[in-house]
Amino acid sequence: MEKARAQQHAESLMDPVLVCFSDEDSMVRYKACEAFYNIAKVIRAGILRNMSAVFDGLCRLYTDIEQTIKEGAQCLDRLIRDIVMEQRHFDFAALIPLITCRIHILNPNVRQLVLGWIVLLDSLPQVDMISFLPHYLEGLFGILASENRDFRLKAQECLESLLEHIRRSAADRPERTQKAIAEAAATVARCCRAGGEQRSEALFAEPLRELDR
């Protein structure tokens, strides 16, 4: 009963806490992160009603100057991912703009967050990440140029996984996906011309050209 009541008042519970993510007082921000974690544990899918504000708040916490808040943000992020993975009738496509609009941000913490979500969505069978490839492929190449070795390796693994999904979908590929592959191939070609054809871009280019025929 208490959980059902909390679900009914999800926004009134969430909104004041999300505002506190930007408070000048670091203790307020930390407590807000902790409070939102506890709210999310109770209302679960209720937090997804305003995923745009939630993801924006998560980005703010990830870039906080206080290490304890960053660590709290990582715990909250893991919980939100678990909640998303539980959903069977969620509009996963709505998450893509939230991710792609931040993929070119150079802050390493935001890159960590964004890359983690791309990997997560790519792992879900109910999400067709290939159809959205043109929206984030160039950003992934940008992460491949990062000085952070872990980021580069994770981006490389993500690209290889996407390429494997493209190959497996060849026999039963909707027009929308085929169009996305064609756009992605053009993106790769442009990146190769502009950046001296980095190894990862070159490896991705030839299979895409082949699959786009």
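Just a few scattered comments:
- With contacts taken as Cα pairs under 8 Å at a separation of at least 6 residues, the range 88-187 carries a relative contact order of 30 percent.
- Each label point was placed 7 Å from the Cα along the Cα-to-Cβ direction; for A94 and K31 their separation is 3.1 nm.
- Restricting the range 81-166 to GluC sites (Glu not before Pro) in coil, as DSSP defines it, with at most 11 other Cβ within 10 Å: E147
- Kirkwood-based Rg to Rh ratio, the range 1-90, C-alpha trace: 0.96
- Exposure proxy order (Cβ contacts within 10 Å, fewest to most) of Y62, Y136, Y37: Y37, Y62, Y136
- Taken one residue at a time, the phi angles of the range 109-118 give Karplus couplings (6.51, -1.76, 1.60, θ = phi - 60°) of 5, 5, 4, 4, 5, 5, 4, x, 6, 5 Hz. Gly and Pro are set to x.
- Residue-wise HN-Hα couplings along the range 38-45, as the Karplus relation 6.51 cos²θ - 1.76 cosθ + 1.60 with θ = phi - 60° gives them from phi, are 5, 5, 4, 4, 8, 8, 6, 4 Hz; Gly and Pro carry x.
- When each of M129, M85, M51 is scored by the number of other beta-carbon atoms lying within 10 Å, the sequence from fewest to most is M85, M51, M129.
- Ranked I47, I80, criterion: other C-beta atoms within 10 Å, fewest first: I80, I47
- Across the range 148-164, computed HN-Hα scalar couplings (Karplus, 6.51 cos²θ - 1.76 cosθ + 1.60, θ = phi - 60°) run 7, 4, 4, 5, 4, 5, 5, 5, 4, 4, 5, 5, 5, 5, 4, 5, 5 Hz from first to last residue, x flagging Gly and Pro.
- Values of log10 I(q)/I(0), in the order q = 0.20, 0.26, 0.27, 0.32 Å⁻¹, for the range 24-74 under a Debye, Cα-only, solvent-free model: -0.67, -1.03, -1.08, -1.27
Only the coordinates and a few stated rules stand behind these numbers; no lab work does. Predicted, not measured: the structure shown is a model, and the values here were computed from it. All Cβ positions, even for glycine, are placed from backbone atoms using ideal geometry, and neighbour counts span all protein chains on display.
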